[in-house]
Amino acid sequence: MLHVTVIAVGKLKERFWAQACDEYLKRLKPYASVEVRELPDIDPAKAGGERKAVQQESQAILSAIPEGALVCLLDIDGKLATSEDLAGLLDECSLSGRSRICFAIGGSCGVSEEVRKAADRRISLGRITLPHNLARVVLLEQVYRAFKISRNEPYHK
């Protein structure tokens, strides 16, 4: 079974975001072991500036990456990915013998170059800017959709 880790900077403060994520996590149970690792977002004012906040968040991201995982960074400047592309990525991971894939969502100020370099793939969900809470929901839905596509199972289009 594939192990999927979602590393996300920031907590889901509103109940509706948490409920949406919980729904997709429930739907994903038959397909994969999915873990969400929430990391604290760092207040730039308390960290000594935006650059230092990004560095602290980025170090936390790097520390949270599971060993041996294929690392995919959600990045607005990354390669645009279709649902079918994500299905292919999950299939590729499984077929190559890798049992772990990790998706990282940085904080509102972005991530360091070190995180970009650590990523095996940089994926864009689109050229629009999404709130990080919504990006997490969209990612979980797309991972669920990707598993359905890979197994030729019906899912509403």
Placing each pseudo-label 7 Å from Cα in the direction of the beta carbon, T82 and L62 end up separated by a distance in nanometres of 3.6 nm
Segment R116-K13, extension gain: residue separation times 0.36 nm, minus the distance between their alpha carbons: 34.4 nm
Just from the alpha-carbon atoms, what are the Rg and Dmax of the stretch 105-157 in angstroms? 13.7, 39
Once label points are set 7 Å from the Cα along Cα→Cβ at both Y155 and A47, what is their separation, rounded to one decimal in nm? 3.2 nm
Under the definition of Cα pairs under 8 Å and six or more residues apart, what whole-number percent is the relative contact order of the chain? 33 percent
Just in the stretch 43-132: which trypsin sites (Lys or Arg not before Pro) are loop by DSSP and have at most 11 other Cβ atoms within 10 Å? R127
Judged on accessible area alone, 1.4 Å probe, highest first, D41, D77 line up as D77, D41
When DSSP beta bridges are limited to those with both residues in the chain, what percentage is antiparallel, rounded to the nearest 5? 5 percent
Helix-only [θ]222 nm of the chain, DSSP H runs n ≥ 4, -39500 (n - 2.57) each, per residue, nearest 500: -14000 deg cm²/dmol
Options [x] 15.9; [y] 15.5; [z] 17.5 - which one matches Kirkwood radius over Cα pairs in Å as calculated here: [x]
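The values are calculated or read from the model by the stated rules, or taken from the named source; none is laboratory data. Bear in mind that the values here come from a model prediction, so they are computed numbers and not experimental data. A quick note on method: Cβ atoms are made from the backbone with ideal geometry, for glycine too, and the neighbour counts reach across all protein chains shown. The area values use the complete protein model at the heavy-atom level, side chains included, leaving out ligands, DNA and RNA. Shrake-Rupley method; radii C 1.70, N 1.55, O 1.52, S 1.80 Å.
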